[in-house]
1. Considering only residues that are in a helix (DSSP H, G or I) and farther than 16 Å from TYR136 by Cα, look in the stretch 153-177 and name the one that is most open to solvent (accessible area, probe 1.4 Å).
2. Being surrounded by 14 or more Cβ atoms within 10 Å (Cβ to Cβ) and of a type outside the set (Phe, Trp, Tyr) is true for just one of ALA51, ALA100, ALA93, ALA122. Which residue is that?
3. Does ALA7 count as open to solvent by less than 40 Å² (accessible area, probe 1.4 Å) and aliphatic (A, V, I, L, M)?
4. If you check every pair at least six apart or on different chains, which have Cβ atoms under 6 Å apart with a residue in the stretch 108-135 that is farther than 30 Å from THR53 by Cβ first and a residue that is open to solvent by 50 Å² or more (accessible area, probe 1.4 Å) and assigned to a helix (DSSP H, G or I) second?
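The values are calculated or read from the model by the stated rules, or taken from the named source; none is laboratory data. Since this is a predicted model, take the numbers as computed values, not measurements. Quick reminder, even Gly has a Cβ in these numbers, built from the backbone with ideal geometry, and neighbours come from all protein chains shown. Quick note on the areas: whole protein, heavy atoms, side chains included, nothing else; ligands and nucleic acids left out. Shrake-Rupley method; radii C 1.70, N 1.55, O 1.52, S 1.80 Å.
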Amino acid sequence: AVLMGVAKKVIHIRLRDTGDPLIALQMANRDIYPDLDRMTFVSAFLGIYDANTHVLSHVRAGHNPVILYNPDRTPPFSKLEPPGLVLGLDSGARFNHLLAREETTLQPGDRLLLYTDGIVEAQNAEGEEFELQRVYDLMRTHAGDAPGDLLDLLDREVARFRGDLPQEDDQTAIFLRFL
């Protein structure tokens, strides 16, 4: 939790300084790398949305791909997954080379789900994982729900799937709906 707090603050400062998500993550990696032990790392997805052009400029440092869902798009599901290495594993050259910025034009009805791997990797007593398909099914079925309601449902469904087993990993999600 402390590492995530520090990483979030460093990324925020670097983004404020540069205004560019790619450069901000490159600088944040350079800042964080010396203090980590190569067994510790941080994944991140960083985006800037321009409300005038409806363009989301985004980079991904090893984080799970963001799910984009809109029943009016073909296909209705896609992933925002520009290449990128997690922060803290490389001092700079490889990290900088692998990191790429992408731009996605968002349209009314688009829904974005950012999530940690603890959701899709949650296991039940039979050793099965919750997996992305169940997330897709929930998004499709409850796409019209308020974002908070969909997140509450996702949390309940993962807990129901897990049953009496303890939660093994963090489970965090952010759901955005564009009108």
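1. Only one residue fits best here, namely ARG160.
2. ALA122
3. yes
4. Matching pairs, first to second residue: VAL120/GLU131.
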